[in-house]
Structure formats: C-alpha cells, structure tokens
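Here is the structure we will look at, set down as structure tokens.
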Amino acid sequence: MAKRIDLRHVTLRYITDSREVLAVDDVSFTVAESEFLCLLGPSGCGKTTIMNMIAGFLAPTKGDVLIGGADLDGTKHDRGVVFQDFSQLFPWRTARRNVEFGLEMRNVPAAERKRTALEFLRLVGLADFADVYPHQLSGGMQQRVAIARAIAYSPGVLLMDEPFAALDAMTRDEMQRLVNDVWQETKKTVVYVTHNVAEAVYLGDRVVVLDAHPGRVKAEIALDLPRPRDPLSAPFVDAQRRILSQLGMH
Ligand code: ADP
Ligand code: MG
C-alpha cells in the first residue's frame, strides 16, 4: 500500500570535529499517496541528506519526517531505496537472490520469495537474467535489479537518489521510461532525486526545486502533462523553461 510522506520544518546540521555544516534548512513538503515527486537542485544542495532522512538513515537536527502519518520508528521496513552507486547490490547473490533480500527480512517463505522475485525481475525486463551475478550485468541492468529489489517487498514508499546519473544518455532515457512504466503499474509513492531538469519533467507529478546550499525549498511546480511524456512537445519544453527560470538558469 502506498503511503504519504510529510516533512515538517526539517533541518539538518552536520557536525564534524572541525566544523558545522547547515545542509538542510527548514524544509517542508508533502508527498501524497501514489504521487511521484521529484526533488531537484544543484549538486551539494542537500538532496541526498533529505533522502537519508526520509529513509531513516539520518535523524533531523530539527523537525519531523512522517511516513503514512507516523514517525519513522514505527515504519521500519516501509521504504525501498535505490542509490546512484552500481555497487549497491550484493555481489555474492544472483539477481533473483538480490531481489529476494527484502522478502527474507520479512520472513516470506522460500517458494513465494522466488515467485515474487521473478515477477519483479520480469517487471524490469530481466526475467532471463535471474541467475546471473551483478558483475555479469551492465550498469543499467544492475540498476534495474536494484529497482526490482526496492519494490519487491512492497514498501509504502520508493526512494531513488539519482539512480541513473552514472549511465550513458541512451540507457538513461530507456531507464526513465522503465521507471515511468513501473510507477504506473505499482502506484508507489515515489521521491526521486535528480539534478537533471528534463528528467524531473519526464517523471514527476510535481517538482520541488531546492535552493543551492543550504537546502531550502525554492518552488513547487505541478506537472499536469499526460504520460508517457514527449520531451519534444510544447508543454514539456514550457515546463522545463518554468523550472529553469526558478533555478535562475534561463
Ligand atoms: P546533494 O545530494 O544535493 O549533492 P548532499 O546532501 O550530499 O547534497 O550534501 C549537502 C551538503 O552537506 C554539502 O555541502 C555537503 O558537503 C555536506 N555534507 C554531506 N554529507 C556530509 C557529512 N557526512 N558530513 C559533513 N558534511 C556533509
Ligand atoms: Mg546527492
């Protein structure tokens, strides 16, 4: 079941031996159930920090993060996470066994685990690669396995932090189409981090634009375009222009 996400006046200050860094400053936004939200901003503006707080890996210095209206503590296994890094898969597990991981954590019986893992590998177009190890897969395929793994155990929300930033442009386009299709099929609540405006316009129901360091919400832009979206259409180009002007880059 998809869950709503609320950030309320979230601030994060990193404190290291020598200095203090205000990474996220009083950020509030909501992601509705089954909404696809893109978090867009320049490098270093605090996107990953915000994701790590939503994932529960990092506690806010101030403010609250709620999943399905509850504090993070009460929703432990409720977030599927996909990172940029290709090395996020377990190298000693096959694609199928990687996808089974979250199901093992939930004590799903072996036969059902296998069936579910194969179903999600099929969803990301990797049915024929179930018994292959990560090093035998291309970067794009590894990210597809990571997506299958993140959603196979049915988390309430799916968090993706620049999952395709390290891929070549053609593979990235293909992966964006895949994410669009997977989301339309599963209707997860998604937070998708990117610094790429076209990617945000292709994928998002709404875009939260962040200011450069320290991260603050600069604008929220709703994207009311039919899917799948055509990057060459006038409304698409217009939406890109609106966002670029918010970023001060037009
Ligand atoms: P983004 O993902 O938007 O590129 P990050 O969330 O990674 O931004 O970083 C936001 C800011 O916080 C940056 O100035 C970065 O240098 C700083 N930062 C990130 N992680 C740490 C950390 N573990 N310790 C100290 N500063 C950090
Ligand atoms: Mg980042």
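The values are calculated or read from the model by the stated rules, or taken from the named source; none is laboratory data. The shown structure was predicted, so the numbers you read here are calculated from the model rather than taken from an experiment. Because the Cβ atoms are built from the backbone with ideal geometry, glycine has one as well, and the counts that use them run over all protein chains shown. Side chains included, ligands, DNA and RNA excluded: accessible areas come from the protein's heavy atoms. Shrake-Rupley method; radii C 1.70, N 1.55, O 1.52, S 1.80 Å.
Quick one: would you say Leu89 is open to solvent by less than 30 Å² (accessible area, probe 1.4 Å), at pLDDT 90 or above and either farther than 14 Å from Ile5 by Cα or within 13 Å of ligand 1 (Cβ to nearest atom) (or both)? Taking the combined requirement at face value, the residue satisfies it.
Within the set Leu7, Leu40, Leu22, the sole residue that is at pLDDT 95 or above and in contact with a helix residue (DSSP H, G or I) (Cβ under 7 Å, 6 or more places away or on another chain) turns out to be Leu40.
I'd like to check something: does region 117-128 contain any residue that is in contact with a strand residue (DSSP E or B) (Cβ under 9 Å, 6 or more places away or on another chain), open to solvent by less than 10 Å² (accessible area, probe 1.4 Å) and assigned to a helix (DSSP H, G or I)? Checked against the condition, which is being in contact with a strand residue (DSSP E or B) (Cβ under 9 Å, 6 or more places away or on another chain), open to solvent by less than 10 Å² (accessible area, probe 1.4 Å) and assigned to a helix (DSSP H, G or I), region 117-128 yields no hits at all.
Counting only helices (runs of 4 or more DSSP H) wholly contained in region 157-250, the ones carrying 2 or more residues that are open to solvent by 40 Å² or more (accessible area, probe 1.4 Å) occupy 169-186, 234-246.
In summary, Arg96 fulfils each of the numbered conditions (1) crowded, with 20+ Cβ neighbours inside 10 Å; (2) under 23 Å from Leu203 (Cβ atoms); (3) not aromatic (Phe, Trp, Tyr) with the single exception of condition (2).
Test Leu37 against the criterion of being part of a strand (DSSP E or B), open to solvent by less than 50 Å² (accessible area, probe 1.4 Å) and farther than 14 Å from Leu210 by Cα, and give yes or no. Give the derivation first.
Numbers: part of a strand (DSSP E or B): yes; open to solvent by less than 50 Å² (accessible area, probe 1.4 Å): yes; farther than 14 Å from Leu210 by Cα: no.
No; evaluated as a whole, the condition is false for this residue.
In region 64-86, which residues are modelled with pLDDT of 85 or more and over 18 Å from the mean Cα position of the chain (by Cα)?
Within region 64-86, the first condition is being modelled with pLDDT of 85 or more, and the residues that meet it are 64-70, 79-85.
The answer is Asp64, Gly69, Ala70.
If you check Ala95, Ala150, which single one turns out to be under 27 Å from Ala59 (Cβ atoms), within 22 Å of the chain's Cα centre (by Cα) and not hydroxyl-bearing (Ser, Thr, Tyr)? After applying the criteria, what remains is Ala150. Among the residues of region 165-181, just one is modelled with pLDDT of 90 or more and closer than 20 Å to Thr49 by Cβ, namely Ala165. For beta carbons closer than 7 Å, sequence separation of 6+ or different chains, a first residue in region 124-136 that is touching a residue at least 24 places away in the same chain (Cβ under 8 Å) and a second that is part of a loop (DSSP other than H, G, I, E, B) and open to solvent by less than 50 Å² (accessible area, probe 1.4 Å), the qualifying pairs are Phe129/Leu137; Ala130/Thr94; Asp131/Thr94; Val132/Thr94; Tyr133/Thr94; Pro134/Leu89.
Return yes or no: is Ser28 over 16 Å from the mean Cα position of the chain (by Cα) and assigned to a helix (DSSP H, G or I)? Explain how you work it out, then say what you get.
On the way: over 16 Å from the mean Cα position of the chain (by Cα): yes; assigned to a helix (DSSP H, G or I): no.
No: the conditions fail for Ser28.
Name the one entry in Phe57, Phe36, Phe29 that is closer than 30 Å to Ala198 by Cα, within 16 Å of ligand 2 (Cβ to nearest atom) and among the aromatic types (Phe, Trp, Tyr).
Numbers: Phe36 fails: within 16 Å of ligand 2 (Cβ to nearest atom); Phe29 fails: within 16 Å of ligand 2 (Cβ to nearest atom).
After ruling out the rest, the residue left standing is Phe57.
Select, from Leu66, Leu103, the only residue that is more than 16 Å from ligand 2 (Cβ to nearest atom), among the aliphatic types (A, V, I, L, M) and in a helix (DSSP H, G or I). After ruling out the rest, the residue left standing is Leu103.
When restricted to residues that are loosely packed, with under 15 Cβ neighbours inside 10 Å and free of Cβ contacts under 8 Å to residues at least 40 places away in the same chain, region 42-84 contains 7.
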